[in-house]
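Trainee: Would you mind keeping the following structure in view while I ask a few things?
The values are calculated or read from the model by the stated rules, or taken from the named source; none is laboratory data. All values reported here derive from a predicted model rather than from experimental measurement. Neighbour counts are summed over all protein chains in view; Cβ atoms, including those assigned to glycine, are modelled from backbone coordinates with ideal geometry. Just so you know, the surface numbers come from the protein's heavy atoms only, side chains and all, with ligands and any DNA or RNA stripped out. Shrake-Rupley method; radii C 1.70, N 1.55, O 1.52, S 1.80 Å.
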Amino acid sequence: MMPLIQQMLGEAGCADSPAVRQAVDEAGFNQVSFVEPVLDCPEVRERDFLQVLARTLELPWWEGGGETPPDSSLRRHLPAELALRHRILPVGFAREEHEDQPGHEARATLHLATFDPLNLVTHQRVAATVTHPVAWHVGQRTRIVEGIQRLYGLGADTFEKILRGRAEWEGEEAGDEVTVLDEPEDEEASVVRFVNQILRRGLEQRATDIHVEPQQDRLRIRCRVDGRLEDLPVPENIKSLQASVIARLKIMARLDIAEKRLPQDGRINLELDGQPIDVRVATIPSVEGESISLRLLSQQVMTLDRLGLTGGLRPVIEDLLRLPNGIILITGPTGSGKSTTLYAFLSAMNQPHRRIVTIEDPVEYKMPGMVQIAVKPEIGLTFATGLRSILRGDPNVVMVGEMRDLETTEIAIRAALTGHLVFSTLHTNDAIGGITRLVDMGVEPFLVSSAVRAFFAQRLVRKLCPLCKAPAEVEREYLQSIGFPLSAAGRIHRATGCEACRGSGYQGRLSIYEVVQLTPALQHLINIRSHPAELKKQAMEDGYLPMRGYGFQKVLNGETTIEEVLSVTAMAEGENSKSETRNPVSGPLSAASAISVH
């Protein structure tokens with residue numbers, strides 16, 4: 001090993017690694033750059049090693065990162081195919097003095113970032129393609145790859161070649177700034193590769209949904225990550241291939257590609273790193289073309305442990321799951337995690353001595369040991385007809401995906417009153433709202449009070465990133481106004497943002513709950529059709545903890561922030577509401593303005 005390389009590895013703290021020494025020796029034997037083989041060694045800290053390399057070669061360091069959109073004009077100076085193949089990123093273009101030029105003439109210089117400045121092939125390809133002087137910078141491999149995807153978009157190299165091939169075939173001008181290095185790409189193969197990249201990117205980002213949305217001048221692709229929609233970088237010219245991308249997704253989902261006037265539903269089965277993934281596909285015809293929504297469903301078994309239950313909620317749930325009969329309802333809006341919680345309950349009850357039958361629309365998670373039925377209204381298999389058949393099949397536990405109508409609800413209540421334990425969902429804002437919702441549907445109050453055992457309500461909040469969360473200091477007046485326990489004010493954290501969480505300060509989501517168990521006092525109030533405010537007051541006297549209070553427990557555990565809890569919960573009866581009406585000039589309007597970092 002050359003002394004200079006040995007010195008660099010020593011400064012980076014990895015000279016003693018046998019794997020690193022072997023990587024350097026093999027690179028020397030093969031007469032290639034040793035940089036990437038060294039970076040692939042698990043003992044090497046990428047940033048430290050590359051900064052040592054930059055200092056040794058006297059090259060400037062490119063920090064990268066951040067949420068600032070890249071300068072789109074830089075795309076003109078470096079072909080996408082060259083950038084992606086050699087992982088080099090244009091980071092600037094400016095006129096500069098060059099002392100080595102006659103008369104010190106000022107010429108425009110293209111600044112390029114690379115993680116491997118010793119790669120001779122890269123330098124040769126750039127010299128053969130770029131007509132401007134080049135200034136090299138060194139940066140982290142991960143940030144350069146992210147920057148390339150943000151600047152050019154996923155699959156930009158293949159689409160560039162497709163569209164250039166079309167332009168040449170049609171005899172159009174292809175432009176002077178870009179050089180095509182290879183033959184035009186086969187369009188069908190490129191579309192397949194692009195769609196696969198979109199799906200993989202969504203899975204890598206832990207997205208729950210991917211939306212393909214045709215717009216008037218572009219094809220917009222967005223991912224929902226931790227409840228927030230984020231644009232995926234795609235080439236600007238992808239609009240011309242919109243029909244091919246949508247057709248590919250419909251073929252994968254086994255949908256009718258000729259039918260573009262009506263909505264369709266389908267499914268795609270994927271596997272990523274050995275983990276099976278189900279993708280629910282829904283198409284919607286729009287004025288700009290078909291919009292496609294992909295719901296990504298991991299097939300990992302959900303358990304009670306993974307729900308992260310806090311305080312005394314776990315024993316309450318375990319007691320409810322041991323009941324021989326009755327109805328347990330989970331309420332909340334679409335996307336609040338109701339189905340995930342239901343599957344966790346069923347997973348805990350999935351024992352050989354129990355027969356569990358579900359009817360769903362559609363079946364989201366396939367669970368061994370259960371009989372799962374998907375409704376098919378087009379052939380008459382609805383929730384009501386399916387539930388009637390289930391009750392003739394000797395079940396112990398029944399799960400109905402959703403109580404949508406009076407007929408289904410009445411059959412479920414009859415099942416509960418005849419010795420079955422029934423689980424289902426409702427769309428309401430809180431747990432008490434489940435009571436009034438059933439009555440509004442036409443169910444007699446005495447049937448609600450006698451059949452239902454508990455109402456759950458839940459929402460999803462983002463989890464703090466464990467690597468960058470920081471202690472926070474909050475005004476006591478503000479905490480008092482929102483009902484937060486003042487004695488625990490020192491245990492509050494806030495989001496800051498780091499590379500691991502992509503600057504958001506959050507990683508993943510967790511559920512917050514409220515549970516109302518139907519006590520004799522509450523059953524009496526239901527029977528006499530009491531006002532929801534009276535029902536909530538009685539529930540609180542019986543030990544009911546509002547969702548906001550449960551969320552505050554998660555804040556005290558360092559799992560989420562006050563802002564997240566406040567964004568999804570309502571004020572409980574009797575709480576001071578002045579925090580939501582304060583003038584922002586005289587005081588904080590939200591938790592964000594009331595919190596500061598230690």
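Trainee: On full extension of the chain, what length is gained from Arg491 through Ile284, given 0.36 nm per residue of separation minus the C-alpha to C-alpha distance?
Mentor: 69.9 nm
Trainee: So with the 1.4 Å probe, I'd like the accessible area per residue for the chain, rounded to whole Å².
Mentor: 48 Å²
Trainee: Name the long-range amide H neighbours of Ile373: under 5 Å, sequence gap of 5 or more, or other chain; modelled H, no Pro or chain starts.
Mentor: The list, which skips near neighbours in sequence, is Thr358, Ile359, Glu360.
Trainee: Related question: Need one number: nm distance between label points at Ile528 and Asp256, each 7 Å from Cα along Cα→Cβ, rounded to one decimal.
Mentor: 5.8 nm
Trainee: Pop the C-beta distance of Arg76 and Cys498 into the FRET formula with R0 = 35 Å and round what comes out to the nearest 0.05.
Mentor: 0.60
Trainee: Next up: Using packing as a proxy for protection, rank 148-154, 243-249, 5-11 so that the peptide with the highest average count of other Cβ atoms within 10 Å comes first.
Mentor: 148-154, 243-249, 5-11
Trainee: Give the angle, between 0 and 90 degrees and rounded to the nearest 10, that separates the Cα long axis of helix 141-152 from the longest principal axis of the Cα atoms of the chain.
Mentor: That helix lies at roughly 90 degrees to the long axis.
Trainee: Describe numerically, in nm with one decimal, the distance between label points set 7 Å from Cα along Cα→Cβ at Val371 and at Asp265.
Mentor: Label-label distance for Val371 and Asp265, simple model: 2.2 nm.
Trainee: For the chain, state what percent of all Cα-Cα pairs lands in each successive 20 Å bin, counting from 0 Å until the bin that includes the largest distance.
Mentor: For the chain, the binned pair fractions read 16, 40, 32, 11, 1 percent.
Trainee: Which three extents, in angstrom, do the Cα atoms of the stretch 456-495 have along their principal axes, listed largest first?
Mentor: 32, 26, 13
Trainee: Moving on to the next point. How much FRET efficiency would the formula 1/(1 + (r/R0)^6) give for Arg55 and Ala189, where r is the Cβ-Cβ distance and R0 is 60 Å, rounded to 0.05?
Mentor: Numbers: r = 43 Å, r/R0 = 0.72.
Efficiency, rounded to the nearest 0.05: 0.90.
Trainee: Same structure again: Rg (Å, one decimal) plus Dmax (Å, integer) for the alpha carbons of the stretch 303-372?
Mentor: Looking at the stretch 303-372, its Cα Rg and Dmax stand at 12.5, 34 Å.
Trainee: For the stretch 201-337, take every pair of Cα atoms, bin their distances at 5 Å starting from 0, and report each bin as a whole percent.
Mentor: 2, 8, 15, 17, 17, 12, 9, 7, 6, 4, 2, 1, 0
Trainee: Given R₀ = 35 Å, what would the calculated FRET efficiency be for Val439 paired with Arg228, taking r from the Cβ atoms and rounding to 0.05?
Mentor: The value I calculate is 0.45.
Trainee: I need the shape label for the stretch 449-531. Rule: rounded when a/c is under 1.5, else prolate if a/b > b/c, else oblate, with a, b, c from the alpha carbon gyration tensor.
Mentor: Oblate, because a/c is 1.5 or more while a/b does not exceed b/c.
Trainee: Figure the gain on full extension for Asp405 and Glu236 (residue separation times 0.36 nm, minus the Cα-Cα span) and round it to one decimal in nm.
Mentor: Net length gain for the segment: 56.2 nm.
Trainee: Also, quick follow-up: Label point 7 Å out from Ser567 along Cα-to-Cβ: which residues of the stretch 464-481 have amide N under 15 Å?
Mentor: 464-465
Trainee: Please tell me the relative contact order of the chain in percent, rounded to the nearest whole number, where contacts are Cα pairs under 8 Å and at least six residues apart.
Mentor: 8 percent
Trainee: Could you work out the local net charge near Phe383, counting Lys and Arg as +1, Asp and Glu as -1, over the other residues with Cβ closer than 12 Å to its Cβ?
Mentor: Its environment carries a net charge of -3.
Trainee: Just the number, please: carbon plus sulfur as a percent of the accessible area of the chain, 1.4 Å probe, no ligands or DNA/RNA counted.
Mentor: 49 percent
Trainee: Net charge within 15 Å of Glu473 by Cβ-Cβ distance, Lys/Arg positive one each and Asp/Glu negative one each, not counting Glu473 itself?
Mentor: Overall, the nearby charge balance is +1.
Trainee: Do any cysteines in the chain lack another Cys Cβ under 4.7 Å, and if so which?
Mentor: So far as the 4.7 Å Cβ criterion goes, Cys14, Cys41, Cys223 stand without a partner in the chain.
Trainee: Moving on to the next point. Quick one: length gained pulling Gln215 to Glu473 fully straight, 0.36 nm per residue minus the C-alpha distance?
Mentor: Here the answer is 88.5 nm.
Trainee: Follow-up. My understanding is that a pair violates if its Cα-Cα distance is over 24 Å; which of Lys469/Lys554; Lys250/Lys463; Lys239/Lys260; Lys338/Lys366 do that in this structure? List each step's numbers first, then the result.
Mentor: On the way: Lys469/Lys554 14 Å; Lys250/Lys463 34 Å; Lys239/Lys260 17 Å; Lys338/Lys366 16 Å.
Over 24 Å Cα-Cα: Lys250/Lys463.
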